[in-house]
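Notes follow once the structure below has been shown.
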Amino acid sequence: MEIVVGSGKLRIQDIDKLKSLINSNFGIINPECVCGYFHLKQAAFLADNAHNGNYNLSKDRSTEVLLYLTSQRQISKAIKIGGIDKDTKSVAWVSFGKPPLDFLDMIEIDDSIISENSFDYSTLNLDKSIVDNMSFEEKQKIVMTKTATLSVQPR
């Protein structure tokens, strides 16, 4: 199954219509919790592996991606951090297989939406003075490590 990820600006204001497209193999995510293309792709890959290996925390691959992206074990917390709401203007998405055709009409693809530069590094729970003095590569390593270690965190 092909994993497709991306981001874009919304062409519509009807968030409920957008949310209606979410299913077990297609997730729409707040791009502020995504630290670049590789972070999104890694979370999708890890979620897929978790489902294939039967160590998933969620019954849906799309929700599993959200858990990995937000480094959360509780779905409600992950949705609060990475979900979309009425104020959403842009999104990131993950599709296990082809994205819904309707979805591609609702967005304008823009890969800069999930730029590492717009990621909220305060979610790393590190002292701001430490984060401010870190290089991009150091920050990226921490984000990717937190994402990868979700499956081995104690329940």
Exercise. Which one of the conditions (1) in contact with a Leu (Cβ under 7 Å, 6 or more places away or on another chain); (2) among the charged types (D, E, K, R); (3) buried (at least 17 other Cβ atoms within 10 Å of the Cβ) does Lys89 fail to meet, given that it meets all the rest?
Worked result: (3)
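For the range 114-133, name all the residues that are under 18 Å from Ala78 (Cα atoms) and either outside any helix (DSSP H, G or I) or in contact with a His (Cβ under 9 Å, 6 or more places away or on another chain) (or both). Write out each step before concluding.
Here is the first cut: in the range 114-133, the ones under 18 Å from Ala78 (Cα atoms) are 114, 119-125.
Listed by number, the residues that qualify are Ile114, Phe119, Asp120, Asn125.
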Problem set entry | Evaluation of Glu64 against (1) touching a His at 6+ places or on another chain (Cβ under 7 Å); (2) in contact (Cβ under 8 Å) with a residue 60 or more places away in the chain (one fails), failing number | (2)
Problem set entry | Failed criterion for Phe26 (all others in (1) surrounded by fewer than 19 Cβ atoms within 10 Å (Cβ to Cβ); (2) in contact (Cβ under 8 Å) with a residue 60 or more places away in the chain; (3) of a type outside the set (D, E, K, R) hold) | (1)
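Residue-wise test of (1) touching a residue at least 60 places away in the same chain (Cβ under 8 Å); (2) closer than 25 Å to Asn125 by Cβ; (3) not aliphatic (A, V, I, L, M).
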| residue | (1), (2), (3) |
| --- | --- |
| Glu2 | yes, no, yes |
| Ser7 | yes, yes, yes |
| Asp14 | no, no, yes |
| Ala50 | yes, yes, no |
| Ile79 | no, yes, no |
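Each value in this text was obtained by applying a stated rule to the coordinates, not by laboratory testing. These numbers were taken from a predicted model, which means no experiment stands behind them. Cβ sites come from the backbone with ideal geometry, for glycine too, and all protein chains shown count toward neighbours.
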